[in-house]
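**Student:** This structure is in structure tokens; I'll ask about it shortly.
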Amino acid sequence: MTFIALDDEPLALVLIEKYARDVPEWKLLTTFTDAAAAGEYLQNNTVDLLLTDINMPDISGLQFVQALPDERPMIIFVTAYKEFAHEGFNLDVVDYLVKPVAPERFKKALQKAADLLELRRKAEAASASSPTPLEDHIFVFSEYQKVKILLKDVLYLESMGDYVKIYLESQPRPILTLERLKNLAERLHGQGFRRIHRSVVVNVEKLEVVQKSRVKVGGTWLAVGETYLGELE
């Protein structure tokens with residue numbers, strides 16, 4: 001398992017490097033004091049986890065994470081500012097560490113990330129073993145168990161950072177899974193599902209209203225991204 005760290009304070013990165021040596025199952029690939037350099041690295045390399053500060057001179061850690069593509073690494077914020085915790089968790093990050101970070105708290109955060117990564121890999125393995133083409137259902141991992149989802153019951157799927165929410169016609173609360181939206185979109189494309197936004201896949205049969213820049217599904221309006229306009233033609 002691999003991770004990188006971003007912080008404009010070199011001493012903070014030295015401490016992370018020190019703590020990382022005591023968590024051998026995680027490999028710290030490199031560190032950055034510049035967000036642009038970290039962003040370029042993520043574009044060209046696959047990383048399981050990103051540790052990032054929030055209060056930085058050129059761009060906040062919150063803005064940096066928001067600008068990452070859907071297929072981003074897991075995120076842990078490491079910051080001196082407790083007041084950003086709510087905004088941080090709204091981005092579906094793994095954890096939020098407040099400086100000064102104790103070694104045991106650091107280990108706990110990385111263990112949480114490791115557990116989530118293991119669940120994701122199990123979900124992706126289950127996806128790979130699913131028959132193609134799919135029949136009338138799929139199985140996803142949710143709350144540490146495999147859950148059967150009937151395709152005819154699905155309204156739409158929405159990426160939420162490291163998770164995907166599957167909205168169903170039969171129940172008000174969505175199913176939350178660690179499956180990647182990209183994987184689900186590929187599995188369901190031949191079953192009448194289309195990606196209309198980088199973070200949304202819809203069941204075409206459930207569309208109620210279709211406009212150029214948005215659609216209505218299950219009473220909810222969803223934006224259509226410019227690069228996906230042709231998907232519904």
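**Student:** Which pairs turn up if I take residues in the stretch 165-186 that are more than 17 Å from Lys206 (Cβ to Cβ) and look for partners that are part of a helix (DSSP H, G or I) with beta carbon separation below 6 Å, at least 6 apart in sequence or on another chain?
**Tutor:** Leu178/Leu119; Leu178/Arg120; Leu178/Ala123; Glu179/Ala123; Asn183/Ser127
**Student:** Give me the helices (runs of 4 or more DSSP H) completely within the stretch 1-75, filtered to those with at least 1 residues that are within 21 Å of Val101 (Cα to Cα) and touching a helix residue (DSSP H, G or I) at 6+ places or on another chain (Cβ under 7 Å), ordered by residue number.
**Tutor:** Result: 10-20, 61-67.
**Student:** With (1) farther than 16 Å from Leu116 by Cβ; (2) modelled with pLDDT under 85 as the list, and Leu178 as the residue in question, which single condition is left unmet?
**Tutor:** All conditions pass for Leu178, except number (1).
**Student:** Scan (1) open to solvent by less than 40 Å² (accessible area, probe 1.4 Å); (2) out of contact with any strand residue (DSSP E or B) (no Cβ under 6 Å at 6 or more places or on another chain); (3) at pLDDT 90 or above; (4) not β-branched (Val, Ile, Thr) for the single condition Leu188 breaks and write down its number.
**Tutor:** (3)
**Student:** Of everything in the stretch 193-230 that's among the aromatic types (Phe, Trp, Tyr) and touching a residue at least 24 places away in the same chain (Cβ under 8 Å), which residue is nearest to Gln66 (Cα to Cα)?
**Tutor:** Here the residue is Tyr228.
**Student:** Test each condition in (1) at positive phi; (2) in contact with a Gly (Cβ under 7 Å, 6 or more places away or on another chain) for Gly161 and report the one that comes out false.
**Tutor:** (2)
**Student:** Applying the selection to the stretch 196-212, what residues are of a type in the set (S, T, N, Q) and assigned to a strand (DSSP E or B)?
**Tutor:** Scanning the stretch 196-212 gives a single hit, Asn203.
**Student:** Show the residue pairs that are 6+ apart or on different chains and have beta-carbon atoms under 8 Å apart, the first residue being within the stretch 24-36 and touching a residue at least 60 places away in the same chain (Cβ under 8 Å), the second being open to solvent by 60 Å² or more (accessible area, probe 1.4 Å).
**Tutor:** Once the first residue is touching a residue at least 60 places away in the same chain (Cβ under 8 Å) and sits in the stretch 24-36, its partners that are open to solvent by 60 Å² or more (accessible area, probe 1.4 Å) give Glu25/Met1; Trp26/Met1.
**Student:** If you don't mind, there's one more thing I want to ask. Just the residues that are assigned to a loop (DSSP other than H, G, I, E, B) and open to solvent by 50 Å² or more (accessible area, probe 1.4 Å), please, taken from the stretch 160-177.
**Tutor:** Glu169, Ser170, Gln171, Pro172, Arg173
**Student:** Would you check which residues across the stretch 100-124 are of a type outside the set (A, V, I, L, M, F, W, C), over 22 Å from Val14 (Cα atoms) and open to solvent by less than 80 Å² (accessible area, probe 1.4 Å) and list them?
**Tutor:** Asp115, Arg120, Glu124
The values are calculated or read from the model by the stated rules, or taken from the named source; none is laboratory data. Owing to the predicted nature of the structure, the values given are computational and were not obtained by experimental measurement. Don't worry about glycine lacking a Cβ; one is built from the backbone with ideal geometry, like all the others, and counts go over all protein chains shown. The area values use the complete protein model at the heavy-atom level, side chains included, leaving out ligands, DNA and RNA. Shrake-Rupley method; radii C 1.70, N 1.55, O 1.52, S 1.80 Å.
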